[in-house]
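All remarks here apply to the structure that follows.
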Amino acid sequence: MSIGQGINWLDALRKESRAAFAASGLPTPKVESWKYTSLKPLDGFAFARPAPVKGKTGGTDDALAKLAGTYLVFVDGAFDMKASRADGAHAMPLSLALQKDADAVHKYLGHIAADDPLITLNSRIIDDGLVLMVEHNDAIDAPIVIEHIATNAGDGVALHPRNLIVMGENARATVIERFSGAGRYLINPVTEILVKEGAKLTHIRLFEDDEAAFNLSHLSARVGKDAGYKSHVLATGGALVRNEMRVELAAPGADAALYGAYLARGRQHTDHTTVLRHAAPHTTSRELYKGALNDAARGVFQGNIYVAKGADGTDGKMTNRTILLSDKAEMDAKPQLEIYADDVKCAHGATIGNLEEDALFYLQARGIPERQARELLVEGFVAEAFDSLGDGAIVDLLRARIGVWLAAAKVSEAA
């Protein structure tokens, strides 16, 4: 049974979304933003709903649980109360938020995310997810950790988590979100974020899905006056991962920083598509995505900085860098600037190459074995995406994840 049934506005949203998705279907490479990523592997996919299975949490992450103040676990699209730990004051499952105050959820849900086929696919179902509403001037010190776990995947099961984060004026919070599972499944999460005046949100996401799975993630954020949204992504899993982010800098002084690291091997496909829309004057954005591709993996980076008419004083910078660890790996990079205002500072760039042989020689000359030297260079390269987090347990956890991938990827041989 879908959550929130019998709530008029939610039933209407589902009905409208069913009709919209029936008309559009899944996006194809004929759509410009999907030029490099085909969803043809989903042909014949059942899009089945998971059968409820009690007592089958599995796959939770102890390291993340230790970091968390609030710890929410969603298994096969449903909230797992026994595996979770929450105070109920700020963060709660969407299912509970709808029971407590459906009107407060209605004020935001469905009003931030852009019009998109995958959003309508999510909205026609809407599985359980996070609702975080932080009051004005409130600061949440410990990270809020969310786990989305697919355990009853079978072959062709589809999950559609929906998250809503609303940061009140001058509020502070850190959210860590992890996707994991087993088997061939589709997870199609949608996250809507509103960061009000003076508020700051740090959002860290780990894409660790099974290498037979598909993760088509969409995030839409709106950042208010003198507010900040900072995102860090580490993508290592999935047969196909599409991390699409659309961030609107809606008022003067708004700031956004998007940092990401992607690691792929075998025949994995990892796509990071971002739009930073400067809709007001004197806004700032920074973006850095770095990746390493091994075997026959394929990477995609599409980044767009859009400066609207009247958004004078915009300061935006975007960088994408990728290392190819195999002569069979492929990378498509498409950074873009669209500028319709005066007096702006915007820059973008992308590089694709191999490991630096001089650096490799330097490490080997000091007695470091070749495999270890290569792993050190790759880790140092991609981990730059987390430098702005400083030192601490979160960065240690992210670096440890990179180390696990490197050990499994066997990057000991030259491309």
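Among (1) among the small types (Gly, Ala, Ser); (2) open to solvent by 60 Å² or more (accessible area, probe 1.4 Å); (3) within 30 Å of Lys66 (Cα to Cα), which single condition is Gly392 missing?
(2)
Output yes when any residue across the range 99-109 is at pLDDT 95 or above, within 20 Å of the chain's Cα centre (by Cα), under 19 Å from Leu206 (Cα atoms) and buried (at least 24 other Cβ atoms within 10 Å of the Cβ), and no when none is.
No, there is no match, as no residue in the range 99-109 is at pLDDT 95 or above, within 20 Å of the chain's Cα centre (by Cα), under 19 Å from Leu206 (Cα atoms) and buried (at least 24 other Cβ atoms within 10 Å of the Cβ).
Quick check on my filter: what residues within the range 208-220 are touching a residue at least 60 places away in the same chain (Cβ under 8 Å), in contact with a Ser or Thr (Cβ under 8 Å, 6 or more places away or on another chain) and closer than 24 Å to Ala114 by Cα?
Scanning the range 208-220 gives His218, Ser220.
For the range 265-277, which positions are in contact (Cβ under 8 Å) with a residue 40 or more places away in the chain and not polar (S, T, N, Q)?
Arg265, Gly266, His269, Asp271, Leu276
Report, by residue number, each residue of the range 153-165 that is farther than 26 Å from Ala393 by Cβ and either open to solvent by less than 10 Å² (accessible area, probe 1.4 Å) or among the β-branched types (Val, Ile, Thr) (or both).
Ala153, Gly156, Val157, Ala158, Leu159, His160, Arg162, Leu164
Looking at the structure I just gave you, is Asn122 polar (S, T, N, Q), within 22 Å of Phe21 (Cβ to Cβ), in contact with a strand residue (DSSP E or B) (Cβ under 7 Å, 6 or more places away or on another chain) and in a strand (DSSP E or B)?
Taking the combined requirement at face value, the residue does not satisfy it.
Given the condition in a loop (DSSP other than H, G, I, E, B) and farther than 21 Å from Arg14 by Cβ, answer yes or no: does some residue in the range 156-167 qualify?
no
More than 19 Å from Leu389 (Cβ to Cβ) and either of a type in the set (Gly, Ala, Ser) or open to solvent by 20 Å² or more (accessible area, probe 1.4 Å) (or both): does that describe Gly168? Give the derivation first.
Values: more than 19 Å from Leu389 (Cβ to Cβ): yes; either of a type in the set (Gly, Ala, Ser) or open to solvent by 20 Å² or more (accessible area, probe 1.4 Å) (or both): yes.
Spelling it out, Gly168 is indeed more than 19 Å from Leu389 (Cβ to Cβ) and either of a type in the set (Gly, Ala, Ser) or open to solvent by 20 Å² or more (accessible area, probe 1.4 Å) (or both).
Need the failing condition index for Met81 against (1) touching a Lys or Arg at 6+ places or on another chain (Cβ under 8 Å); (2) surrounded by fewer than 20 Cβ atoms within 10 Å (Cβ to Cβ), just the number.
Unmet condition: (1).
If we only count strands (runs of 3 or more DSSP E) wholly inside the range 273-371, which ones have 3 or more residues that are surrounded by 14 or more Cβ atoms within 10 Å (Cβ to Cβ) and touching an Asp or Glu at 6+ places or on another chain (Cβ under 6 Å)? Spell out the reasoning first.
On the way: elements: 284-293, 298-307, 315-324, 330-339, 345-353.
In the range 273-371, the matching strands (runs of 3 or more DSSP E) lie at 298-307.
Which residues, counting only those in the range 175-200, are in a strand (DSSP E or B), over 14 Å from the mean Cα position of the chain (by Cα) and under 26 Å from Ala257 (Cβ atoms)?
Step one: filter the range 175-200 for residues in a strand (DSSP E or B), giving 175-181, 184-187, 190-195, 200.
With the extra rule that they be over 14 Å from the mean Cα position of the chain (by Cα), the set shrinks to 181, 184-186, 194-195, 200.
Residues satisfying the conditions are Leu194, Val195, Lys200.
Given the residues Ala46, Ala65, Ala22, which is the only one that is more than 30 Å from Glu330 (Cβ to Cβ) and open to solvent by 40 Å² or more (accessible area, probe 1.4 Å)?
Ala22 is the lone residue from the list that is more than 30 Å from Glu330 (Cβ to Cβ) and open to solvent by 40 Å² or more (accessible area, probe 1.4 Å).
Quick one: is Leu96 open to solvent by less than 10 Å² (accessible area, probe 1.4 Å), in contact (Cβ under 8 Å) with a residue 12 or more places away in the chain and more than 17 Å from Arg205 (Cα to Cα)?
Working: open to solvent by less than 10 Å² (accessible area, probe 1.4 Å): no; in contact (Cβ under 8 Å) with a residue 12 or more places away in the chain: yes; more than 17 Å from Arg205 (Cα to Cα): yes.
No; evaluated as a whole, the condition is false for this residue.
Test Gly183 against the criterion of being surrounded by fewer than 22 Cβ atoms within 10 Å (Cβ to Cβ) and on the phi > 0 side of the Ramachandran plot, and give yes or no.
In short, yes.
If we scan the range 6-19, do we find a residue that is in contact with an Asp or Glu (Cβ under 9 Å, 6 or more places away or on another chain) and either modelled with pLDDT under 95 or farther than 14 Å from Gly110 by Cα (or both)?
Scanning the range 6-19, I find no residue that is in contact with an Asp or Glu (Cβ under 9 Å, 6 or more places away or on another chain) and either modelled with pLDDT under 95 or farther than 14 Å from Gly110 by Cα (or both), so the answer is no.
Just a yes or no: is a residue in the range 142-150 open to solvent by 10 Å² or more (accessible area, probe 1.4 Å) and out of contact with any helix residue (DSSP H, G or I) (no Cβ under 8 Å at 6 or more places or on another chain)?
no
Asn137 - would you say it is part of a loop (DSSP other than H, G, I, E, B) and not β-branched (Val, Ile, Thr)?
yes
If you take the residues in the range 196-206 that are in contact (Cβ under 8 Å) with a residue 40 or more places away in the chain and open to solvent by less than 10 Å² (accessible area, probe 1.4 Å), which one is nearest to Gly390 (Cα to Cα)?
Ile204
Could we say that Thr28 is crowded, with 16+ Cβ neighbours inside 10 Å and either without any contact (Cβ under 8 Å) to a residue 60 or more places away in the chain or not in a helix (DSSP H, G or I) (or both) here? Step through it out loud before you land on a result.
Details: crowded, with 16+ Cβ neighbours inside 10 Å: no; either without any contact (Cβ under 8 Å) to a residue 60 or more places away in the chain or not in a helix (DSSP H, G or I) (or both): yes.
Spelling it out, it is not the case that Thr28 is crowded, with 16+ Cβ neighbours inside 10 Å and either without any contact (Cβ under 8 Å) to a residue 60 or more places away in the chain or not in a helix (DSSP H, G or I) (or both).
The values are calculated or read from the model by the stated rules, or taken from the named source; none is laboratory data. Quantities reported herein were computed from a predicted structural model and do not represent experimental measurements. Cβ coordinates were reconstructed from backbone atoms using ideal geometry, including for glycine residues, and neighbour counts include every protein chain displayed. Each accessible area value is taken on the protein alone, full model and side chains, heavy atoms only, with ligands, DNA and RNA left out. Shrake-Rupley method; radii C 1.70, N 1.55, O 1.52, S 1.80 Å.
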